[in-house]
Amino acid sequence: MKQVDLVIIGGGPAGMAAAVAARENGLEDILIIERDNALGGILRQCIHNGFGLHRFGEELTGPEYAARYETEVEALGIPYLLNTIVTAITPDRVVTAMNSEDGVFSVQAKAIVLAMGCRERSRGALNIPGNRPAGVYSAGAAQKFVNMKGYLPGRKVVILGSGDIGLIMARRMTLEGAEVQAVCEVMPYSGGLQRNIQQCLKDFDIPLYLSHTVTEIHGKERVTGVTVSKVDEQRRPVAGSEMYFACNTLLLSVGLIPENELTKGADIPLDPITGGALVDESRQTATEGIFACGNVLHVHDLVDYVSEEAALAGKAAADYVLAGAAGDSPRRVIAAGAVRYTVPQTIRRTDKDVTVYFRVGSPCTAATVRVTCGDVELLKKKKPKMAPGEMESVTLKADKLIACSGDITVSVEV
Amino acid sequence: MKTKNLTCIVCPLGCELTVTLDGKTVVEVSGNTCPRGKQYAIDECTAPTRTLTSTVRLADSEEMLPVKTASPIPKEALMPAMAALQDVVAHAPVAIGDVVLKNVAATGVDIIATKNVK
């Protein structure tokens, strides 16, 4: 069997940043495996701008951001396989993959970085009654059609879900000549960035219906319209509130799910909230030598944070191959109060500062973030505003972590 | 004097800005966390601009070429700029930053490529 020090599964922003960091930390023998026909991942179809302000200090489009890392991967001479899909990994780090040239093959890796990204939640997960006509697309599929293939999937559009992809596609379809009649959001608030509500909806007078959902899809061969209803606090449709929109296209932007089939196949424990692996501060999963980063670990709002996290995982994977396992027995990081989840979920090494990322479950104002270890308060800060769509972080100082022992609790009180 | 609430779109932070206006003149901006937010508020109340991102055809390719305006253009020029991109066909090789269309919709701003194609 072929031996490789580090196999990185996925050549999107996470995979590329992990590869660059691993090489910069002294690891020579690296292989990136990518299933698409080019590196870049989802950034290839995200032609809008707003990427890179944190990472590069300038505003880039998705393809430009991806090109920065592609150039680095090429300059460092890091090998990658395209059009190659990984079908299985094992806990002892055998990676099985296939492509049309080599057939099925296996590679024994000393370390693996999981960087497979996420996929969109589909219509099937929503239980919307009606037939199965053409014209129902996930927002990301429509984005690929429009931005990469040059096809407009429909002319009269309703969008369900106000996450960033839904908002971005409302603008994109409008610019390309489609009439976007409404964006509906089942929650009482949008999951998207405020700037996207302004520049994608308000700029084009597209109405946003909060606490509304699609309750019926009409049409047999092709979508002819949708019924939109108001929902109550339990997200149940309110009788009598129905509105009918004539349209030929429904776009769904209803959430992203980390794509962890390979992870599950290797019996790597997952966090039921994030849908990604449970990791320590170096992004090592509970299985030694297997690391995870980017949207396969938890869905990020900014690619800049993906790159940052992937660099951490890539460096840790290089250290693991070159110096062996490190770290003490794990201390749990517990989410409390309004905190929905944290990443990492465990901390093993306390010789360095550790940044813990978290999200709140619902919008909070005048909140207090508190990090405690038993009776010891490690950190306390006030936040005027927090929203589920925006990832927050706290950095725990090494000297404070060493001075206490046991589980660490991250809480938000309002 | 009147006040106007805006959401800053300069970066993903999305600051909630409050602008105090005397007629069409901006007297005060608050809620911004950086100087770019103040500039955005002033521009938005006097002459709003946007960066346009879109695609053009690429000869002999199954994929489109992503492009953008080299700098923000007036908001009302967005649709005329889209119309101008309809008939543009780019030819490989293209490098990021290459001018694909000069002076789009008489804005004085060029359309440039955002992807490298060999």
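Every number in this text was worked out from the coordinates using simple rules, so none of it is lab data. The structure displayed is predicted, hence computed values, not measured ones. Glycine gets a Cβ as well: all are built from the backbone with ideal geometry, and neighbour counts include every protein chain shown.
Measuring from centroid to centroid over Cα atoms, what is the spacing of region A:13-77 and region A:316-337 in Å?
Their Cα centres are 25 Å away from one another.
Over chain B, what is the relative contact order in whole percent, taking alpha-carbon pairs under 8 Å and six or more residues apart?
Over chain B, the number comes to 18 percent.
What is the distance in Å between the Cα centroid of region A:254-296 and that of region B:1-80?
38
Projecting each Cα onto the charge dipole of chain B (Lys/Arg +1, Asp/Glu -1 at the beta carbon, about the Cα centre), which of B:70, B:10, B:105 comes out farthest on the positive side?
About the Cα centre, the residue reaching furthest to the positive side is B:10.
Roughly how many whole Å is it from the C-alpha centroid of region A:360-380 to that of region A:79-118?
Distance between centres, Cα-based: 40 Å.
Can you give the Rg to Rh ratio of region A:122-254, both from alpha-carbon atoms, with Rh computed by the Kirkwood formula?
0.94
Tell me the angle of helix B:35-46 to the major Cα principal axis of chain B, expressed in degrees between 0 and 90 and rounded to the nearest ten.
90
What's the magnitude of the charge dipole for region A:103-211 around its Cα centre, counting Lys and Arg as +1 and Asp and Glu as -1 at the beta-carbon? Answer in Debye, nearest 20.
Magnitude of the dipole: close to 360 debye.
Residues with beta-carbon under 11 Å from that of residue A:14, excluding residue A:14: net charge, scoring Lys, Arg +1 and Asp, Glu -1?
Result for the neighbourhood of residue A:14: -1.
Residue A:2: which lysines have alpha carbons under 26 Å from its alpha carbon, excluding same-chain residues fewer than 8 sequence positions away?
Qualifying lysines at Cα under 26 Å: A:110, A:264, A:315.
To the nearest 20 Debye, how big is the dipole of chain A about its Cα centre, given +1 on the beta carbon of each Lys and Arg and -1 on that of each Asp and Glu?
The calculation lands at about 1080 debye.
Would you calculate, for chain A, the mean residue ellipticity at 222 nm contributed by helices, counting each DSSP H stretch of 4 or more residues as -39,500 (n - 2.57) and dividing by all residues, to the nearest 500?
Calculated at 222 nm, the ellipticity per residue is -5500 deg cm²/dmol.
Which entries of A:149/B:68; A:144/A:230; A:156/A:202 have Cα-Cα distances beyond 22 Å here?
Cα-Cα > 22 Å for A:144/A:230; rest within.
What Cys residues in the protein assembly as shown are without a partner cysteine, judged by a Cβ distance under 4.7 Å?
Cysteines lacking a close Cβ partner in the protein assembly as shown: A:46, A:118, A:184, A:200, A:247, A:293, A:364, B:11, B:34, B:45.
Pull up the cross-link candidates among the lysines for residue B:2, meaning alpha carbon to alpha carbon under 20 Å and not fewer than 8 places away within one chain.
Residue B:2 reaches B:24, B:38.
Could the peptides B:93-101, A:310-318 be put in order, highest first, of the mean number of other beta-carbon atoms found within 10 Å of their residues?
Top of the packing list down: A:310-318, B:93-101.
How would A:293, B:15 line up from fewest to most surrounding beta-carbon atoms within 10 angstrom?
Fewest-to-most ranking of A:293, B:15: B:15, A:293.
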